[in-house]
Amino acid sequence: MASLANVTLAEFRSALTPGAVRSGIIVQLTLAIGVLFFLVAVIFISQNVPGDQPVSPDLIEILNTIHALLFITAVYAGHWLFNRRFSSENLERAYGKNFVDKRGRPLASTPSEKLVLLIRTAYIIRAALLEGAAFFGLMTLVVCAQSGLLNTQPFLWLNAGSALYEITFILLTLPTAERQESLFEERISISPRSS
């Protein structure tokens, strides 16, 4: 059956151009940098806002709980969705799919180019889920800073944990050419491991 799993390592390597690798890394770094900038803004706000706006302790508890649930869900759903992109059904479906931009121009014409786009999409989906949880945690910190709770209840800074996790995770899993080739060999290729 026609599937992206039939792409050889040599074909994959030819489609995995330096430009393709660079654009994937840029997207990932952009997601991490956005969260980092917002984290810096939260720290600045916490040090420079009077903290005199009252907020319900129940609201803070609800925000903390939602954040924890979002973070746990993002980690597990991101991992599951990342792996799901490489299921045999998805590889068969993607083989016949036309990858086009908003103007209808083809983004990939060969199976190996489609596979490069599929891998990039998997990385983006996983990082975006983590980014959502990170931003929710950081917004919780903004609410806490405006009420002055960050000074009296420092444990609330744990809400920054998802942001730190997202940044660290992205930096440790950047889609380098070597990492993508390893992913191809371990999860996608049905052909023997040879160059």
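The values are calculated or read from the model by the stated rules, or taken from the named source; none is laboratory data. Remember, it's a predicted structure, so these values are computed and weren't measured experimentally. Glycine gets a Cβ as well: all are built from the backbone with ideal geometry, and neighbour counts include every protein chain shown.
Do the conditions hold for V75, that is, is it at pLDDT below 90 and within 19 Å of A160 (Cα to Cα)?
In short, no.
Filter the stretch 35-63 for residues that are surrounded by 15 or more Cβ atoms within 10 Å (Cβ to Cβ) and not aliphatic (A, V, I, L, M); which is farthest from G132 (Cα to Cα)?
Selected residue: G51.
Quick one: which residue in F169, F155, F136 is without any contact (Cβ under 8 Å) to a residue 60 or more places away in the chain and touching a helix residue (DSSP H, G or I) at 6+ places or on another chain (Cβ under 9 Å)? Reasoning before the result, please.
Working: F155 fails: touching a helix residue (DSSP H, G or I) at 6+ places or on another chain (Cβ under 9 Å); F136 fails: without any contact (Cβ under 8 Å) to a residue 60 or more places away in the chain.
On inspection, the qualifying residue turns out to be F169.
For the stretch 87-195, which helices (runs of 4 or more DSSP H) that fit wholly inside it have 2 or more residues that are among the acidic types (D, E) and under 22 Å from A2 (Cβ atoms)?
88-96
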